[in-house]
Amino acid sequence: MTDENNHPVLIIGGGISGIVCALELYRLGVPVTLIEKEASLGGLAARFCCKASEACNKCFACVVDKKLKEISEQSQISQLTGAEITGVAGDQGSYKVSLAKAGNASELEAAAIVVAAGIDPYEASGKGEYGYGVIKNVVTARDLEEMLRFQGKIYRPSDGKLPQNIAFIQCVGSRDESIGNLYCSQVCCAYALRLIRAIRHKYPEVNATFLYMDIQPAGASFHDFLNACREDKGIRFIRSLPSRVYHSPVTEDLRVRLADTERGEVVEEPFDMVVLSVGMVLKKEAKPLANLLGLGLNEEGFLASPAPGNGIFVTGACAGPKDIDRSITHAKSTAALVHNYLNGR
């Protein structure tokens, strides 16, 4: 086994997957260097709010906060934020990785490399028929969540008022042949429903309409959670993918055009606000990183599994859509694989 004091495991990406993988490897006695391009750790999940209603709805946002606190207190894990990978040389257990940080160049040696590059939300403006970026009261689920986390309330961007009737449109940027994203992002249904439940708990007067193609299960307890949502008289489920969102010519309300399968006709319904549940795409910065490491993409456009035995590993949602819970599980299993790889050389 290579002298790990000189050759730590390098983890690229300081989101929840990278953090958990780093903590697990440290517990296994493996020295780790965690590299994050942004100024702070946490990634996308660090901006999520707790979605508890009457009880915990298992969104795992609190777990992200706990892991961030845990790694911030762990001085023995080297953490480089604001750093970017500029080059990779070497192979199989003896990599030399070039970094740029604040205009300064440096080089690290690594016994293994774990890529936890993360994902980006699909850019909702790419679906012009929904009016994101043009119609003020069309927002993404992430926009709405950040209102709750950082401002403690939700409101219509046009006038600051509490919306009374919100449409949640699913599969924006997923399962869509017109944009080439045929895959299901898997987490959006549960994510949106948890957000709805949290909003309904805080604002019982707000009604929500959940517009979907299919509802993807998410975890062993999801069936009971979904039943609770269906029993909530303030949540309406319509199996339909809307074709258009636009301003009403008469009022400030939004109009959503959709096929009502129960009535067998196309209808237009008024809403105060429309929330788009956008899918996942591979983080933009991950593609040049993949080129540096010789990694390919799978058919869904995420990072493909590397060839076994070369000391490069991929973990988290950059390998395919995952929620926080499954990203954590994947990161832990990746840490075990890395540990076995190091011990087996």
For Glu24, state whether it is among the acidic types (Asp, Glu) and either over 30 Å from Asn343 (Cβ atoms) or surrounded by fewer than 16 Cβ atoms within 10 Å (Cβ to Cβ) (or both).
no
For the structure I just gave you, tell me whether Glu262 is loosely packed, with under 14 Cβ neighbours inside 10 Å and either aliphatic (A, V, I, L, M) or over 22 Å from Val88 (Cβ atoms) (or both).
yes
Between a first residue in the stretch 69-82 that is part of a helix (DSSP H, G or I) and a second residue that is surrounded by 15 or more Cβ atoms within 10 Å (Cβ to Cβ), which pairs have beta carbons less than 7 Å apart while being 6 or more apart in sequence or on different chains?
Glu70/Leu23; Ile71/Ile19; Ile71/Ala22; Ile71/Leu23; Ile71/Leu41; Ile71/Ile77
If you scan the stretch 166-200, which residues turn out to be in a loop (DSSP other than H, G, I, E, B) and either touching a residue at least 12 places away in the same chain (Cβ under 8 Å) or touching a helix residue (DSSP H, G or I) at 6+ places or on another chain (Cβ under 9 Å) (or both)?
Gly173, Ser174, Arg175, Leu182, Tyr183, Cys184, Ser185, Gln186, Val187
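Any residue at all in the stretch 226-238 that's under 26 Å from Glu123 (Cβ atoms), crowded, with 16+ Cβ neighbours inside 10 Å and out of contact with any Pro (no Cβ under 6 Å at 6 or more places or on another chain)?
Residues of the stretch 226-238 that are under 26 Å from Glu123 (Cβ atoms), as a first pass: 238.
Those still in the list that are crowded, with 16+ Cβ neighbours inside 10 Å too: 238.
Checking which are out of contact with any Pro (no Cβ under 6 Å at 6 or more places or on another chain) leaves us with 238.
Yes, because at least one residue in the stretch 226-238 is under 26 Å from Glu123 (Cβ atoms), crowded, with 16+ Cβ neighbours inside 10 Å and out of contact with any Pro (no Cβ under 6 Å at 6 or more places or on another chain).
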Condition check for Arg244: in contact (Cβ under 8 Å) with a residue 40 or more places away in the chain, surrounded by 13 or more Cβ atoms within 10 Å (Cβ to Cβ), closer than 16 Å to Gly128 by Cα and charged (D, E, K, R)
yes
Any residue in the stretch 40-63 that's in contact (Cβ under 8 Å) with a residue 12 or more places away in the chain and assigned to a helix (DSSP H, G or I): show its pairings with residues that are hydroxyl-bearing (Ser, Thr, Tyr) and surrounded by fewer than 16 Cβ atoms within 10 Å (Cβ to Cβ) at Cβ separation under 8 Å, as long as the two are six or more apart or on different chains.
Ala46/Ser40
Output the number of the condition that Gly103 fails; it satisfies all remaining conditions of (1) within 21 Å of the chain's Cα centre (by Cα); (2) at pLDDT below 95; (3) at positive phi.
(1)
Report, by residue number, each residue of the stretch 287-345 that is over 29 Å from Glu177 (Cα atoms) and among the charged types (D, E, K, R).
Lys332, Arg345
Take Gly29 and decide whether it is within 26 Å of Ile312 (Cα to Cα), buried (at least 19 other Cβ atoms within 10 Å of the Cβ) and of a type outside the set (Ser, Thr, Tyr).
no
Qualifying residues in the stretch 226-241 (those that are under 23 Å from Gly131 (Cα atoms) and aliphatic (A, V, I, L, M)) - the one modelled with the highest pLDDT
Ile238
Being without any contact (Cβ under 8 Å) to a residue 40 or more places away in the chain and either part of a strand (DSSP E or B) or not hydrophobic (A, V, I, L, M, F, W, C) (or both) is the requirement here; does Gly90 meet it?
yes
Would you mind finding the one in Glu123, Glu146, Glu109 that is more than 25 Å from Leu193 (Cβ to Cβ) and either touching a residue at least 60 places away in the same chain (Cβ under 8 Å) or under 21 Å from the mean Cα position of the chain (by Cα) (or both)?
Glu109
Please go through (1) in a loop (DSSP other than H, G, I, E, B); (2) crowded, with 16+ Cβ neighbours inside 10 Å for Leu99 and return the number of the only condition it doesn't satisfy.
(1)
Residue check, Ala112 against (1) over 27 Å from Tyr26 (Cα atoms); (2) touching a Gly at 6+ places or on another chain (Cβ under 8 Å); (3) of a type in the set (Gly, Ala, Ser); (4) crowded, with 20+ Cβ neighbours inside 10 Å, all met but one. Which one?
(1)
How do the strands (runs of 3 or more DSSP E) wholly within the stretch 109-152 filter down when requiring 3 or more residues that are not charged (D, E, K, R): which remain?
112-115, 138-140
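Each row is one residue, and each column tells you yes or no for (1) modelled with pLDDT of 95 or more; (2) in contact with a Pro (Cβ under 8 Å, 6 or more places away or on another chain).
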| position | (1), (2) |
| --- | --- |
| Ser125 | yes, no |
| Tyr130 | yes, yes |
| Val139 | yes, yes |
| Glu145 | no, no |
| Arg149 | no, no |
| Asp159 | no, no |
| Leu162 | yes, no |
| Leu182 | no, no |
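The values are calculated or read from the model by the stated rules, or taken from the named source; none is laboratory data. Keep in mind it's a predicted model, so treat the numbers as computed, not measured. Positions of Cβ are backbone-derived with ideal geometry, glycine not excepted, and every protein chain shown enters the neighbour counts.
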